[in-house]
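Here the structure comes first, spelled out in structure tokens, and everything after it is commentary.
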Amino acid sequence: MLRTRLIQAASSAQRAFSTSQKALAAKQMTVRDALNSALDDELARDDRVFILGEEVAQYDGAYKVSRGLWKKYGDKRVIDTPITEMGFAGIAVGAAMAGLRPVCEFMTWNFSMQAIDHRSSRRGDCAAAGQEQVGQDGGRHASSSSGRRKMKKHKLKKLRRKMKFEWAKVRQRREMRKEKAFQAKLISQIKQAKAFSAEQHIINSAAKTFYMSAGAVNVPIVFRGPNGAASGVAAQHSQCFAAWYAHCPGLKVLSPYDAEDARGLLKSAIRDPDPVVFLENELVYGTAFPVADNVADKDFLVPIGKAKIMRPGKDITLVAHSKAVETSLLAAAELAKKGIEAEVINLRSIRPLDTATIFASVRKTHHLVTVENGWPQHGVGAEICARIMEDQTFFELDAPVWRCAGVDVPMPYAKTLEAHALPRVQDLVEATLKVLGGKVGKAAAANK
């Protein structure tokens, strides 16, 4: 807890990018409050909207994003689920197909991949097998009964009393055989079952249904939760899934950075008719950002698929998303001390990708560096590089595109190693200087 508070305090201090009177006078809003207010607005606006996930109701959410919503809207609109991502992701997709607008929260996006369950066997089949066995047993007893010699009534009565205990043993053996038959078939089917994960609900059900139904069935659903590296949670809880889900047609993938992004994009995602993957970052939940007065309006929306220029510049373009935007802004501030004006673009939307804004910036600066906290291979930066190569904008470049990404290893647990596994400000500054090469002095002189 103390470590988290220290990280949030340090993070807040780092975000003092502007000390202008406009920035100082602006209203402050944390990312957590931005998400909470967006959910509140949409629950009040549309009765079809509901939230489900682990601890989202009575506990107010693992990160307190849904704070107060259960008390306000009740059990039918804010629903606690068991710890089974496969289960409640499937429920949410089915509800969306039926016309509702669920907001499905993963406690972390890592669980969307790691919550793997096996298809359970059908107990009815196993029970039928047991009944078949019992029927065969009963047939044997019937045949043995028919083979008995006829006897007088008093002798038969005496025999029945004598055999009462024996019949109890027979019934016990029948039950044991039924149970063994059920267990044997259950174990056999479990061994042969294929793994089924929440990801398959997102990909195979949510993303593909509109296409496979020839446009007849929409799946208006939002999958949201913290994504990417946090702090001290090691390899299995630090992955960035932006590139994973952006690979799939049928999904819209959003990656907000500040409070304005979080509020406006989440409201747009809930109103969108298609499935949206909403990738947040838990390290910025408690961070307050300056926002304009209109951000608090109930109808404030940030359009999906539109990037935002966070800082204008003319020497080099830095393209980033989520918390990497902060790294880019800090690096741009350092570069400004060297006389280099870097333009920082906050992607906001990973799929669809706003290539128009990127291309326009590159045509102006003639240099490009992509920044992300995810792994480099097949990442968001790699996709941007490919888009540049396939466009006439490629001929506007004066140097190759440079990617700054997370180190291509599972996230270490040790604090010092964790810091070196993610792009740092000095890494981005060095990359920029390498891309600019001999033009660094010229750019500094020109800006003077």
task = For segment 424-446, state whether one or more residues are crowded, with 17+ Cβ neighbours inside 10 Å and assigned to a loop (DSSP other than H, G, I, E, B).
result = no
remark   = Scanning segment 237-281 residue by residue, the ones that are in a helix (DSSP H, G or I) and under 12 Å from the mean Cα position of the chain (by Cα) total 6
message = Restricting to segment 74-106, count the residues that are among the aliphatic types (A, V, I, L, M) and either at pLDDT 95 or above or open to solvent by 20 Å² or more (accessible area, probe 1.4 Å) (or both).
response = 9
note = Arg173: passes all of (1) open to solvent by less than 90 Å² (accessible area, probe 1.4 Å); (2) at pLDDT 50 or above but (1)
task = Could you please find all residues in segment 209-226 being under 24 Å from Leu35 (Cα atoms) and either touching a Leu at 6+ places or on another chain (Cβ under 6 Å) or among the small types (Gly, Ala, Ser) (or both)?
result = Gly225
request  = Would you mind stating whether Met389 is touching a residue at least 60 places away in the same chain (Cβ under 8 Å), among the aliphatic types (A, V, I, L, M) and over 20 Å from Leu433 (Cα atoms)?
outcome  = no
message = When you scan segment 334-348, do you find a residue that is of a type in the set (Asp, Glu), farther than 30 Å from Arg271 by Cβ and open to solvent by less than 10 Å² (accessible area, probe 1.4 Å), even just one?
response = yes
inquiry  = Condition first: assigned to a loop (DSSP other than H, G, I, E, B) and open to solvent by less than 20 Å² (accessible area, probe 1.4 Å). Now tell me which residues in segment 47-73 satisfy that.
reply    = Glu54, Val56, Ala57, Gly61, Val65, Ser66
ask   = Looking only at segment 330-356, which residues are in a helix (DSSP H, G or I), touching a residue at least 12 places away in the same chain (Cβ under 8 Å) and closer than 13 Å to Lys308 by Cα?
value = Thr355
ask   = List, please: which pairs have Cβ atoms under 8 Å, are six or more places apart or on different chains, and start with a residue in segment 294-309 that is within 13 Å of Lys27 (Cβ to Cβ) and end with one that is assigned to a loop (DSSP other than H, G, I, E, B)?
value = Asn294/Phe300
query = Which residue pairs have Cβ atoms under 8 Å apart, sit 6 or more places apart or on different chains, and have a first residue in segment 159-185 that is without any contact (Cβ under 8 Å) to a residue 12 or more places away in the chain and a second that is open to solvent by 70 Å² or more (accessible area, probe 1.4 Å)?
reply = Leu159/Met151
task = Identify, by number, the condition in (1) open to solvent by 50 Å² or more (accessible area, probe 1.4 Å); (2) over 30 Å from Ser231 (Cβ atoms) that Val362 doesn't meet.
result = (1)
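The values are calculated or read from the model by the stated rules, or taken from the named source; none is laboratory data. These figures come from a predicted structure and were not determined experimentally. Don't worry about glycine lacking a Cβ; one is built from the backbone with ideal geometry, like all the others, and counts go over all protein chains shown. When the accessible area is computed, the model is the full protein with side chains, heavy atoms only, and any ligands, DNA or RNA have been set aside. Shrake-Rupley method; radii C 1.70, N 1.55, O 1.52, S 1.80 Å.
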